[in-house]
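Report on the structure given below.
The values are calculated or read from the model by the stated rules, or taken from the named source; none is laboratory data. Quick caveat, the model's predicted, so the values are computed rather than measured. Ideal geometry is used to build each Cβ from the backbone, glycine not excepted, and the neighbour counts take in all protein chains shown. Remember, those area values only see protein heavy atoms, side chains included, never the ligands or the DNA or RNA. Shrake-Rupley method; radii C 1.70, N 1.55, O 1.52, S 1.80 Å.
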Amino acid sequence: MAKERVLITGAAGFLGSHLCDRFIKEGYDVIGMDNLITGSMDNIAHLMGKEHFEFYHHDVSKYVHVPGELKYILHFASPASPIDYLKIPIQTLKVGAHGTHNLLGLAKDKKARILVASTSEVYGDPLVHPQTEDYYGNVNPIGPRGVYDEAKRFMESITMAYHTYHQLETRIVRIFNTYGPRMRLNDGRVLPAFIGQALRGEDLTIFGDGSQTRSFCYVDDLVEGIYRLLLSDHVYPVNVGNPDEITISEFAEEIIKLTGTKQKVIYKDLPEDDPKKRQPDITKAQKLLGWEPKVNRQEGLKITYEYFKSLDKEKLFQKEHKDFEKYIVK
Ligand code: UDP
């Protein structure tokens with residue numbers, strides 16, 4: 001019997017590539033799609049040439065054609081680090097808006113169920129803590145993060161509209177900060193930034209006074225939550241993330257301990273609209289999906305550190321964002 005087919009967009013990205021692995025493991029045929037603006041073929045090199053994997057090099061902001069049947073579509077294509085949105089703001093808007101529209105159209109045509117990757121950024125700089133799914137958020141539409149936040153908010157709207165108007169089977173996951181192997185070393189996000197700095201023998205750069213908080217989820221836990229949400233019958237957004245909240249200062253200390261670096265922390269200006277607090281309320285995911293994270297930060301960071309250490313030195317010193325301060329520091 002032919003296997004069921006799944007389309008995963010953003011397949012060469014951090015989350016997309018882990019999802020490809022999971023769906024192949026679950027016995028699906030996976031079609032991975034990516035335009036490789038922020039993704040890397042290194043993340044899916046191990047899948048290339050495999051019987052149950054096909055790769056389409058395509059930008060989903062343009063019309064998407066996939067021959068044959070599709071059971072599920074997972075839309076994970078998008079720049080996802082604050083520096084990326086600043087460098088490629090128009091593509092960020094287009095993939096959340098046009099890309100989502102194209103994939104909803106494809107899902108309708110194929111009678112496929114679609115899950116879209118939304119984000120805790122829909123809550124902006126939140127005034128409700130921890131963030132529950134019924135909070136509408138505090139987003140600056142014209143700030144540097146607006147291109148990402150508003151694209152994702154539009155993504156949620158159009159997805160719900162296709163559900164109500166076309167009776168499409170839709171799922172929306174709101175993803176909180178996630179980490180693990182295959183994160184881009186130089187995408188500017190805090191975890192690869194700190195680990196990269198430690199490995200290069202540089203000081204760790206804390207933005208602001210370091211009192212802002214984040215809650216970091218290990219990638220395997222996130223993938224499990226997404227998999228369960230896709231198979232559930234819940235059409236409204238569900239937070240998936242790890243509620244273990246930590247300040248960025250404490251996080252820097254953890255990385256210093258983990259890596260044994262002798263460097264110190266230095267302070268830089270806080271980027272505009274940087275959320276002061278972030279922590280998911282996962283009551284809904286616990287109740288509806290029987291899901292909660294299993295991997296604690298100590299374990300997850302160790303695995304992630306080993307991954308970054310295993311990269312070739314050349315990559316470590318390749319500073320794709322060497323000019324990034326001009327983008328984000330006021
Ligand atoms: N951050 C930092 N130093 C860095 C990179 C980021 O202090 O070198 C801070 C950033 O200002 C934010 C937090 O770490 O408060 C998380 O940033 P990230 O870019 O990883 O993602 P965000 O959660 O802001 O989308």
* **All positions within the stretch 243-260 that are touching a helix residue (DSSP H, G or I) at 6+ places or on another chain (Cβ under 9 Å), on the phi < 0 side of the Ramachandran plot and open to solvent by 20 Å² or more (accessible area, probe 1.4 Å)** => 244, 254, 256, 258, 259
* For residue 270, which of the numbered conditions (1) more than 28 Å from residue 146 (Cβ to Cβ); (2) more than 19 Å from the chain's Cα centre (by Cα) fails to hold? -> (1)
* Unique match (being in contact with a strand residue (DSSP E or B) (Cβ under 7 Å, 6 or more places away or on another chain), of a type in the set (A, V, I, L, M, F, W, C), over 18 Å from residue 9 (Cβ atoms) and buried (at least 18 other Cβ atoms within 10 Å of the Cβ)) among 139, 116 -> 139
* Asked: Does the stretch 19-42 contain at least one residue that is of a type in the set (Phe, Trp, Tyr) and open to solvent by less than 10 Å² (accessible area, probe 1.4 Å)?
  -> yes
* If you check every pair at least six apart or on different chains, which have Cβ atoms under 9 Å apart with a residue in the stretch 179-201 that is touching a residue at least 24 places away in the same chain (Cβ under 8 Å) first and a residue that is of a type in the set (Lys, Arg) and within 9 Å of the ligand (Cβ to nearest atom) second? -> 179/189; 183/189; 190/214
* Within the stretch 57-88, considering residues that are small (Gly, Ala, Ser) and more than 16 Å from the ligand (Cβ to nearest atom), the one most open to solvent (accessible area, probe 1.4 Å) -> 68
* To do: Could you tell me whether the stretch 122-131 includes any residue that is under 29 Å from residue 23 (Cα atoms), open to solvent by 10 Å² or more (accessible area, probe 1.4 Å), within 20 Å of the chain's Cα centre (by Cα) and touching a residue at least 12 places away in the same chain (Cβ under 8 Å)?
  => no
* To do: Please note which strands (runs of 3 or more DSSP E) are completely contained in the stretch 167-283 and include at least 2 residues that are out of contact with any Asp or Glu (no Cβ under 9 Å at 6 or more places or on another chain) and within 9 Å of the ligand (Cβ to nearest atom).
  => 204-207
* Asked: Can you name the number of the only condition in (1) in contact (Cβ under 8 Å) with a residue 40 or more places away in the chain; (2) near the ligand (Cβ under 10 Å from one of its atoms) that residue 291 fails?
  -> (2)
* residue 185 being open to solvent by less than 20 Å² (accessible area, probe 1.4 Å), at pLDDT below 95 and closer than 30 Å to residue 254 by Cα -> yes
* Asked: What residue, of 116, 128, 139, is within 14 Å of the ligand (Cβ to nearest atom) and among the aliphatic types (A, V, I, L, M)?
  -> 139
* Of the residues 134, 109, which is farther than 19 Å from residue 158 by Cβ, surrounded by fewer than 22 Cβ atoms within 10 Å (Cβ to Cβ) and acidic (Asp, Glu)? -> 134
* Structure fact -> All-but-one check, residue 15 against (1) at pLDDT 95 or above; (2) in a loop (DSSP other than H, G, I, E, B); (3) aliphatic (A, V, I, L, M), failing number (2)
* Asked: Quick one: is residue 72 touching a residue at least 60 places away in the same chain (Cβ under 8 Å) and under 23 Å from residue 152 (Cα atoms)?
  -> yes
* Please enumerate the residues belonging to the stretch 287-330 that are open to solvent by less than 30 Å² (accessible area, probe 1.4 Å), outside any loop (DSSP other than H, G, I, E, B) and modelled with pLDDT under 95. => 316, 328
